[in-house]
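The block underneath contains the structure these notes are about, expressed in structure tokens.
Each value in this text was obtained by applying a stated rule to the coordinates, not by laboratory testing. What you see is a predicted model; the values in this text were computed from it and never measured. Glycine also receives a Cβ, built like all others from the backbone with ideal geometry; neighbour counts cover every protein chain displayed.
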Amino acid sequence: MTCLRAATAVTPLDGGITNRNYRISTAYGDFVVRLSDPESSVLAIDRGDEYLNSVAAAKSGAGAPVEQYIAGAGVLVVHWIWGRTFSEVDVRRPENLPRIAEACRMLHAGPDFSCDFNMFDIQARYLALVREQGYRLPERYEEFLPVVSRLKAAMAESPEPTVPCNNDLLAANIIDDGDRLWLIDYEYAGNNEASFELGNIWSESTLDDDLLAPLVHAYWQDESPVLVARARMWALLSQYGWTLWASIQDSISPLDFDYWSWGMEKYERAVRTFDDPRLGDWLDEVARP
């Protein structure tokens, strides 16, 4: 691998909670090398799809150019993006919401991805694994499964066309080069509803409730209650599903990270929505044409 053989400096990168990432400096430029855990396949990560979707994201202009992929070795090399990694504080700034929406539109208008992403299917797959292996489940988790079935039926009434989505846009996966934003890390990428992307962004950076409608409006140029409710309900499902991701990682990951606490923070927010008296109204909204 040219960039590794020509490396003049290798710097571990902080922030990854699934993989080990390194910045490689060379005479040809700087790169990021991602080394993935072979057990990550249980988390519904397909490394071949990650590579193909990273290439497609680069073609859209939203993602970093891809340098190399070594199939079967868990190695993906992409070009380093010079800029500042966003924090949750950056995502929460109202002036950044239109910039985030613009970056998402660029990605969503690009080439289709090689796979689909359906959080209902992933949550069910995670739950089956957790039950089979006896991993921890938080209190009341299975109590909400009937509500999730209602949500699935409501979402199916008027589905959005799918577009290529990152599906994991936490703040650290957004880079500001001073002129525009870049979206990185395509582990969970797949064709999905744009409203999932928006709801997940809102959830991952724990935006205030009153910032969801402005984010939806910045993307769609429309602030209809249906679109806002759809993003909110996808956010709920993402919190509910990623809770199980945390339970699995808490049991299998070799990385030194408190996955359980990370997941419980999401789950507690999901519980507040499940228990919210407005939930029925939101479900009615997403079922409307």
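If R₀ is 41 angstrom, what is the calculated FRET efficiency for the pair Val10 and Asp209, using the beta carbon separation as r and rounding to 0.05?
0.45
With +1 on each Lys and Arg Cβ and -1 on each Asp and Glu Cβ, and nothing else charged, work out how big the dipole of the range 85-286 is about its Cα centre, in Debye to the nearest 20.
My answer is approximately 360 debye.
Tell me what the chain gives for mean residue ellipticity at 222 nm when only DSSP H runs of n ≥ 4 count, each as -39,500 (n - 2.57), the sum divided by the residue total, rounded to 500 deg cm²/dmol.
-14500 deg cm²/dmol
For Arg278 and Leu145, calculate 0.36 nm times their separation in residues minus their Cα-Cα distance, and state this gained length in nm to one decimal.
46.1 nm
In whole angstrom, how far apart do the alpha carbon centroids of the range 109-136 and the range 149-214 sit?
About 16 Å separates the Cα centre of the range 109-136 from the one of the range 149-214.
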